[in-house]
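Before any comments, here is the structure.
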Amino acid sequence: MVAMKNQDAAQERFDVRTTAHSIYVAEVAQLFPPQGEWTEQDYFALPSSDRSVELWDGTLLIGETPTDDHQAVRARLFAALEAFCAGQPALQVQPLDSVLRLAPNQIRKPDLMVLAADGAAKRQPTHVDGPPLWVAEILSPDSVRRDEIDKVMDYAQAGIVEYWLIDVSARSVIRYELHEGRSDYTMAQTTQDAGQACSEVLTGFCQNLSGLFNALR
């Protein structure tokens, strides 16, 4: 009997905390615009987060926290890009977690970006404005549709010349190219396992996937 009373009391305390948390979340949500009404000003006023937060036509898109494998691959590829671009003043590797404004009210947050110094993309205090030369996205369980479908269209229509789509679980890299006069990508190369993925627009930049995906879970 005592045990049952203790269980009931514990459940009651849990219910109270859960209700209070739900009320708190609902009250905080009222401080922000409803989905469909977000503006760029609202977006740039948000606090920093380790999650991917994007804006598309008034809707806020919030991704899951990246996995350790996701972050490891991103860090390795970023280091390789920095080393490759170090002696090439015409290329600029954008810092990690940078925000990309493709058009008014259309904001993405690629995992990696390379800008052409004389290209259309311009560095602003809070973001990159306009299409970079090269971008990469690393698939997460919740980002498959966005990365494989939405961003394939969005990045091509914005004029980004090359897009790498990296799948950690499949140990693969798909390279998309935008040819002159087109507004959609061509799937130019698929590399898996111990193969080598090479960029067309970053001439001479190649990645051995055995090293990129080494010692992941």
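Couple of notes before you dig in:
- Of Gly159, Gly87, Gly130, the residue with the greatest mean-square motion in the GNM of the chain, using alpha carbon springs below 10 Å, is Gly87.
- Intensity falloff of segment 36-110 expressed as log10 I(q)/I(0), Debye formula with alpha-carbon point scatterers, at q = 0.11, 0.12, 0.26 Å⁻¹: -0.37, -0.43, -1.16
- Sorted by Cβ density within 10 Å, fewest first, the residues Tyr155, Tyr43: Tyr43, Tyr155
- Phe32-Thr203 pseudo-label distance in nm [points 7 Å out on the Cα-to-Cβ vector]: 4.5
- Least to most buried among Val99, Val144, Val53 (fewest other Cβ within 10 Å first): Val144, Val53, Val99
- Taken about its Cα centre, the chain carries a charge dipole of roughly 400 debye when the Cβ of each Lys and Arg holds +1 and the Cβ of each Asp and Glu holds -1.
- Chain lengthening between Asp50 and Arg123 when straightened (0.36 nm per residue, less Cα-Cα): 24.1 nm
- From the coordinates shown, volume of the Cα convex hull per residue in Å³ corresponds to which of (i) 115; (ii) 172; (iii) 157: (iii)
- Its relative contact order, with pairs defined as Cα atoms under 8 Å and 6+ residues apart, puts segment 83-217 at 15 percent.
- The tail of the calculated P(r) for segment 101-157, taken as Cα-Cα distances beyond 13 Å, holds 62 percent of the pairs.
No lab work stands behind these numbers, since they all come straight from the coordinates. Because the structure is predicted, anything quoted here is derived from the model rather than measured. Ideal geometry is used to build each Cβ from the backbone, glycine not excepted, and the neighbour counts take in all protein chains shown.
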